[in-house]
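Below: one structure, written as structure tokens.
Just so it is clear, none of the values below were taken in a lab; they were calculated from the coordinates. All figures in this text were calculated on a predicted structure; none of them were measured in a lab. Neighbour counts are summed over all protein chains in view; Cβ atoms, including those assigned to glycine, are modelled from backbone coordinates with ideal geometry.
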Amino acid sequence: MGKKEFLAQLRKKLSGLPQEDIEESVLFYSEMIEDRMEEGVSEEEAVSAAGSIDDIAAQIVAETPLVKIARERLKPTRRRSAGEIVLLILGSPIWLSLVIAVFAVIFSLYVSLWAVIVSAWAVFISLAVCAAGGGLACAVYVGSDNAASGLAALAAGMVCAGLSIFMFYGCRALAKGMLIFTKKTAIWMKKCFIKKEAAL
């Protein structure tokens, strides 16, 4: 594939991003290919060394803030007529309340998922504190010549310590999974905006 075709395909994949971001990315890869060609590499080799267009576009989209993409997508392409403005104003009690409700539901679900993760971390901390408390209680009971109670407290503390270790790895996996889910959801939303822009 030649440089011109590569840049044209990259520009097409990035349609939907703000125009200045597209131009900046295309210019960057154009200069990168030219630099490699100046080093004596053929045009096809320089283009293939740049990487896959899909991977490049996915990385650029992932690094572009969602707000910037949404602002570009929602920017009006023409002036609205007086009739359209009146309809928007008259319909705002309905469409605005629906939009707010949808965002509120999505936000509450997201917060609920994080609340589960915070609760799991709270259980981990409770088990760790109980493990330390079991060791302390064992020392107190043994010091007061109550070895049986001290042994029971030590056993309970060890059980809590073991459970806290399992909880730690579970909580860490939950938090990591939620962060990955958040990142993939943001990328999916960005791609939805870009696909809509490309379809227009």
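Which semi-axes, in whole Å and largest first, does the equivalent ellipsoid of the stretch 76-141 have when worked out from the alpha carbon gyration tensor as the square roots of 5 times its eigenvalues?
Semi-axis lengths for the stretch 76-141 are 58, 10, 6 Å.
Relative to the present Cα-Cα distance, how much length would full extension add between PHE107 and MET1 at 0.36 nm per residue of separation?
33.7 nm
For an R0 of 45 angstrom, estimate the FRET efficiency from the Cβ-Cβ distance between ALA161 and ILE100 and round to the nearest 0.05.
Between ALA161 and ILE100 the formula returns 0.40.
Using Cα pairs under 8 angstrom and six or more residues apart, how large is the relative contact order of the chain, in percent?
27 percent
Using the eigenvalues of the Cα gyration tensor, what equivalent ellipsoid semi-axes result for the stretch 93-199 when each is taken as the square root of five times the eigenvalue, whole Å, largest first?
Over the Cα atoms of the stretch 93-199, the semi-axes work out to 50, 15, 6 Å.
Looking only at Cβ-Cβ distances, which cysteines of the chain have no other cysteine closer than 4.7 Å?
CYS138, CYS171, CYS192
Just from the alpha-carbon atoms, what are the Rg and Dmax of the chain in angstroms?
For the chain, the Cα-based Rg and Dmax read 28.8, 90 Å.
Fully extended, how many nm does the chain gain between LYS183 and ASP145 (0.36 nm per residue separation, minus their Cα-Cα distance)?
8.0 nm
Mind jotting down the distance between the C-alpha centroids of the stretch 1-62 and the stretch 96-162, whole Å?
So the separation of the two Cα centres works out to 51 Å.
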